[in-house]
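The values are calculated or read from the model by the stated rules, or taken from the named source; none is laboratory data. Note that this is a predicted model, so its numbers are computed, not measured. Every residue, glycine as well, gets a Cβ built from its backbone with ideal geometry; the counts of neighbours run over all protein chains shown.
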Amino acid sequence: MRREELSKTTSDCCPTIKLAAENLAKKWLSPVLQRLGAGDARGGFPKVFNDPVWGSIELLPWEVILLDSPLVQRLRGVRQLGLAHLVYPGAGYDRLEHARGVVEAADRMLQGLARNAKHRKSHGARPDTAIPEVSDDDYYVVRLAALLHDLGHGPFSHAIEPVIEQRFSKEFRDLGHLIRQFFHGVGAISVSEALVTLLVLSDSMDHVLNHPEYNFPKSKTDLAMRVIARIVGARSHLAASYLSGIVSGPVDADKLDYMARDSHHAGLPVGLDTQRLISKLEVISITPDNVPPRLAELRARAEADPRHRIYDMGISLTGIGAYEQMIVGRVVLYDRLYYHHKVRAADAMAQRLVQIAEDERGQRFTVEELFFDASDDTMVELLGGRLSCPEISGGKERARELASRIRERRLYHRALAFAARFVAGMDGFQDEETRDSERAALWRQVTKSLATFENIREFEKDIFEISREVAGVDEQLNKLVEKLQPEHIIVDLPTNKTRPGGNLLLTRTEDDEVGLPNLYFDPERWSNAYDQQKRCGYVFCPREYIPLISLASRVAIFRRYRFGITASADRFTKTVGKVEPAWLDWLAERGIIDVECHQQLREERVFLSRILADDIRLPTAWIAEKPELRKNLAEEIIISRPGGFVTPVKEEILKTIASFANFVQMINEGGEYAKLGGIPEARLQADARRHLRTQGLQISEGSEVGGGETDLLVANKIVIENKIAGETNDPMSENRPYPFQARRYSIALCKTVFFTLVAYKPRSETGLLPQSSSLAVRKVPDIPEDCLEIRFVVPYGTGRPSDVSKPVASC
Amino acid sequence: MIETYNLAELIVASWKLANGNERIPTSHGILDRALRDLIDQAPDIPSWVREGLTFADTRVGLRCLELPEILDRAQESFLTSEPNPTYVSTAVKVDELVSRRMLRDLGIGPEQARTWGRRLKAVADDVVKKDNERPATIEPT
């Protein structure tokens, strides 16, 4: 496939990012074309650079031409580790340094593999004389790809990448599919790989690479395509296919350089044995006979090859230790460097700076603007509006304030940590399986709902609004909230990127059997690292707002996801005692938080539990009629309401179910409503209230506590709504608005479980429900939260008592 | 992004309903093959699942490109445990009721999901059986 064809197709499938890449390439490469046109690039000589990781690095003349262009020099201002230098002062090196390092790492890998290929041709149990040698052509292309591989990174490196990815997700996805069509063996494509593909594919790059003065010493045919193939890790466009993973693969020059360099500059030793690892890379010969069935595609490819053998890069069995060391080292770097809470705060502030600047200037940044050729530091000032230039206009006051915080290293602090392991109340569940399951049921809502920037912004907005609601708990907070701005709250929940990828590399036995290395890790180390860092979300804010935002975040999390945060989260973030228990009482007394929220946030130790079938007490006649009734009800409650209930609420729910069942049974039996043509809501409520009180329930009228006019309240916790459905054969499906949801009570009610008592007149004789169908549990439609309705129905106007013949046993 | 979470929930819930406490195979292309088969053979698979999964013949054979991320999201959402030391399998941490809840949120019936879960397991078992005859993994020296 030719460059022109791919270029044209990209214009159709990802027009925005393709056009942006063309524009950027034109801007960055025009000086190179001028130099080439003027003959200034003639007679170049290799350049040697000192390097802290590799000692010295040599770049070849045609590499230097590109190195000395704005295209590559732009990377000088892009810090490899984003804003990590604000935490690890030495970690401020740039992507240009890394790009040069990758050239050297690639060169050493090329030499190592060339040496191994030579040995494999003449030594060992089964010499393979057919192994192709590393040609100069492939050698130079790999090096060139190594130099260019990071061109797709924007300012602050990975901090801005997700912003671009989410904005153009469809275009990136389509481009990924397209690249896989054009290049064989390509896996997932990152945003930066996609962008560098478009830059190398650009017309300007084509003009450079095919310029008669561009002194690439070997074939220039499809040079851009060969470079792209190496950057995306394809196995096509190569004579020696075992070189395919050098720039992008499970052990690649990119990782070897950045791990060593990050570790060096941050001052975090990870024990990476680069030399050993490179020396243990092997050429793996794959034939139809030496692969196991699970690698069937490799066998098919070998069979299809005219020589009946193909080659790939693998690792010697004696090198797997060094490989494991690399993987473990990577996890350590993620834990201690990339996911350090302060690094995350700084990166999140940079992301937020982009968004605020966009808000203030009333326009989104284009890809061209985000890839403006300024250093990260200058970009902070441009986005903040402190500096301006014709090409990019930044934000105003709010952006300027945030930019100055980044510049002066006044980073946000953690007000709250939230993670699956910090979900409160889990010890109440009786066994580990239930505990894990309920934890997942609660936590999955968080991970899923905070998967996009839009949703995160919404959540931040919630916290901001709630801050205003709760600030009244304390005079100082009340003063503070007046200065609070939305951008003072940043929620950050990064996804795990430490995927080891241990099963993506081939190895071989002495007698040439091919397979995948069986890797061993210390599972505890892995899982601890995972738990401690990867699954932890933070709410960041300026230091002075910590008590307010800590309180508001807890309430926001509870309102959205219905769980509290354990005290260990406060110890983790060093915020113990920032939220005073009396504040929660104050909020509950005013109905700002509900009874479950109050319980869960107030108590040091909370115990949640499920409502089980055996907990539910119903008339024996109902159970006889439908033996599965209690099980079905319990299951429906569990399915509809994740996380179970705090004990006081659970007890009231169970008591109310039992008492209501008794009431309905009694009405049915006694025939009190049978002769009524209609029934006023007030009578239904009065009857229910009287009966429930006789059952020992503490019942009050909603109006007594400053809320609804007709509702009943159980133990000042749970609402009972009464409804007259009129004539219907399906009273369980009767949907009416639930006005109590909109009312504000001056007490802390349960907001997610309520009862309804619906009186209905069967439209026909067949419309009279069996007694065991007088009760149902359902998730309330049209309310976003997990709100559960427990509905009892009672008939009237049937002309006779219901068909229940036996007296009801006390339940 | 949200699609990846949905795929994680679908796979885990289907597996749980069909296979109880059996661990999910997570490495070396086993689940990749099972998913490929499911997409090819189960006509009732929703289009968002079909469109959300990409398969490629990589340097180590057939791989579902989204699967590593799907498995990560499953772990992050606490639906599965961390993989065991050799990354061969992972334990499902949600019970049947929570599985049914996830499926309900996705608009998928439990019986339908159970069928898919059985199919995934059957294909995975078949791969493992062949593997036992000629292992795909090699012990390091």
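Of the residues A:PHE45, A:PHE49, only one is touching a helix residue (DSSP H, G or I) at 6+ places or on another chain (Cβ under 9 Å) and modelled with pLDDT under 95; which? When all the criteria are applied, what remains is A:PHE45. Within region A:111-148, the set of residues being in contact with a helix residue (DSSP H, G or I) (Cβ under 7 Å, 6 or more places away or on another chain), touching a residue at least 60 places away in the same chain (Cβ under 8 Å) and outside any helix (DSSP H, G or I) comprises A:ASP128, A:ILE131, A:GLU133, A:VAL134.
Can you tell me which residue within region B:1-52, out of those that are of a type in the set (Lys, Arg) and facing chain A (nearest Cβ under 10 Å), is farthest from A:GLU165 (Cα to Cα)?
B:LYS16
Examine region A:425-438 for a residue that is outside any helix (DSSP H, G or I), touching a strand residue (DSSP E or B) at 6+ places or on another chain (Cβ under 6 Å) and either crowded, with 24+ Cβ neighbours inside 10 Å or within 9 Å of chain B (Cβ to nearest Cβ) (or both), and state whether such a residue exists. Yes: one or more hits. Residue pairs whose Cβ atoms lie under 8 Å apart, sitting 6 or more positions apart in sequence or on different chains, and linking a residue in region A:211-235 that is within 14 Å of chain B (Cβ to nearest Cβ) to a partner that is aromatic (Phe, Trp, Tyr) and part of a loop (DSSP other than H, G, I, E, B), are A:ALA229/A:PHE183; A:VAL232/A:PHE183; A:ALA234/A:PHE183. In region A:532-596, counting only helices (runs of 4 or more DSSP H) that sit wholly within it, the ones holding 3 or more residues that are within 21 Å of the chain's Cα centre (by Cα), of a type outside the set (Gly, Ala, Ser) and at negative phi span A:546-561. Answer yes or no: is there a residue in region A:261-272 that is of a type in the set (Asp, Glu) and closer than 14 Å to A:VAL186 by Cβ. There is no residue in region A:261-272 that is of a type in the set (Asp, Glu) and closer than 14 Å to A:VAL186 by Cβ. In the set A:ARG421, A:ARG398, A:ARG410, only one residue is under 18 Å from A:ILE549 (Cα atoms) and touching a residue at least 40 places away in the same chain (Cβ under 8 Å); that residue is A:ARG410.
Of the residues examined, A:LEU238 is one that is over 16 Å from A:LEU147 (Cβ atoms) and within 14 Å of another protein chain (Cβ to nearest Cβ).
Going residue by residue through region B:74-89, is there one that turns out to be at pLDDT below 95 and charged (D, E, K, R)? So far as region B:74-89 goes, yes, one or more of its residues are at pLDDT below 95 and charged (D, E, K, R). Restricting attention to region A:470-485 and to residues that are assigned to a helix (DSSP H, G or I) and buried (at least 17 other Cβ atoms within 10 Å of the Cβ), the residue that is nearest to the chain's Cα centre (by Cα) turns out to be A:VAL470. Checked against the criterion of being outside any helix (DSSP H, G or I), more than 11 Å from chain B (Cβ to nearest Cβ) and of a type in the set (Asp, Glu), region A:364-371 has no qualifying residue. Screening A:SER263 against (1) at pLDDT 90 or above; (2) within 14 Å of chain B (Cβ to nearest Cβ) leaves a single unmet condition, (2).
Residues of region B:112-127 include none that is outside any helix (DSSP H, G or I), touching a helix residue (DSSP H, G or I) at 6+ places or on another chain (Cβ under 7 Å) and in contact (Cβ under 8 Å) with a residue 40 or more places away in the chain.
When you look at A:ASN116, is it of a type outside the set (Asp, Glu) and closer than 20 Å to A:LEU195 by Cα, yes or no?
Numbers: of a type outside the set (Asp, Glu): yes; closer than 20 Å to A:LEU195 by Cα: no.
So A:ASN116 fails the test.
Applying the criterion of being of a type in the set (D, E, K, R) and more than 20 Å from A:ARG230 (Cβ to Cβ) to the residues of region A:161-190, the residue that is farthest from the other protein chains (Cβ to nearest Cβ) is A:GLU171. Among the residues making up region A:634-686, those that are in a loop (DSSP other than H, G, I, E, B), within 48 Å of the chain's Cα centre (by Cα) and not charged (D, E, K, R) are A:PRO642, A:GLY643, A:GLY644. Report whether or not B:VAL127 is of a type in the set (A, V, I, L, M, F, W, C), within 7 Å of another protein chain (Cβ to nearest Cβ) and buried (at least 18 other Cβ atoms within 10 Å of the Cβ). For B:VAL127, the condition - of a type in the set (A, V, I, L, M, F, W, C), within 7 Å of another protein chain (Cβ to nearest Cβ) and buried (at least 18 other Cβ atoms within 10 Å of the Cβ) - is met.
Rundown of residues vs (1) within 26 Å of A:ASN518 (Cβ to Cβ); (2) crowded, with 17+ Cβ neighbours inside 10 Å, yes/no style:
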{"position": "B:SER47", "(1), (2)": "no, no"}
{"position": "B:LEU53", "(1), (2)": "no, yes"}
{"position": "B:GLN75", "(1), (2)": "yes, yes"}
{"position": "B:THR80", "(1), (2)": "yes, yes"}
{"position": "B:VAL88", "(1), (2)": "yes, yes"}
{"position": "B:ALA91", "(1), (2)": "yes, no"}
{"position": "B:MET102", "(1), (2)": "no, yes"}
{"position": "B:GLY107", "(1), (2)": "no, no"}
{"position": "B:GLY117", "(1), (2)": "no, yes"}
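Just so you know, in region B:64-101 the residues that are of a type in the set (A, V, I, L, M, F, W, C) and closer than 14 Å to B:SER27 by Cα include one that is nearest to the other protein chains (Cβ to nearest Cβ), and it is B:LEU65. Taken together, A:VAL72, A:VAL64, A:VAL103, A:VAL87 contain a single residue that is farther than 24 Å from A:GLN275 by Cβ and crowded, with 23+ Cβ neighbours inside 10 Å, which is A:VAL72.
Being within 30 Å of A:LEU272 (Cα to Cα) and either in contact with an Asp or Glu (Cβ under 8 Å, 6 or more places away or on another chain) or among the polar types (S, T, N, Q) (or both), is that true of even one residue in region A:30-46? Scanning region A:30-46 turns up at least one residue that is within 30 Å of A:LEU272 (Cα to Cα) and either in contact with an Asp or Glu (Cβ under 8 Å, 6 or more places away or on another chain) or among the polar types (S, T, N, Q) (or both).
Cβ-Cβ distances below 7 Å connect the following pairs, each with a first residue in region A:179-202 that is over 18 Å from A:GLY249 (Cα atoms), a second residue that is of a type in the set (S, T, N, Q), and a separation of six or more residues or different chains: A:LEU198/A:THR10; A:LEU201/A:SER7; A:LEU201/A:THR10. Quick check: anything in region B:53-63 assigned to a helix (DSSP H, G or I) and either facing chain A (nearest Cβ under 10 Å) or over 18 Å from A:GLY176 (Cα atoms) (or both)? No, region B:53-63 contains no residue that is assigned to a helix (DSSP H, G or I) and either facing chain A (nearest Cβ under 10 Å) or over 18 Å from A:GLY176 (Cα atoms) (or both). Consider region A:463-493 and keep the residues that are in contact with a Lys or Arg (Cβ under 7 Å, 6 or more places away or on another chain) and not polar (S, T, N, Q). The one that is farthest from A:LEU587 (Cα to Cα) is A:ASP492.
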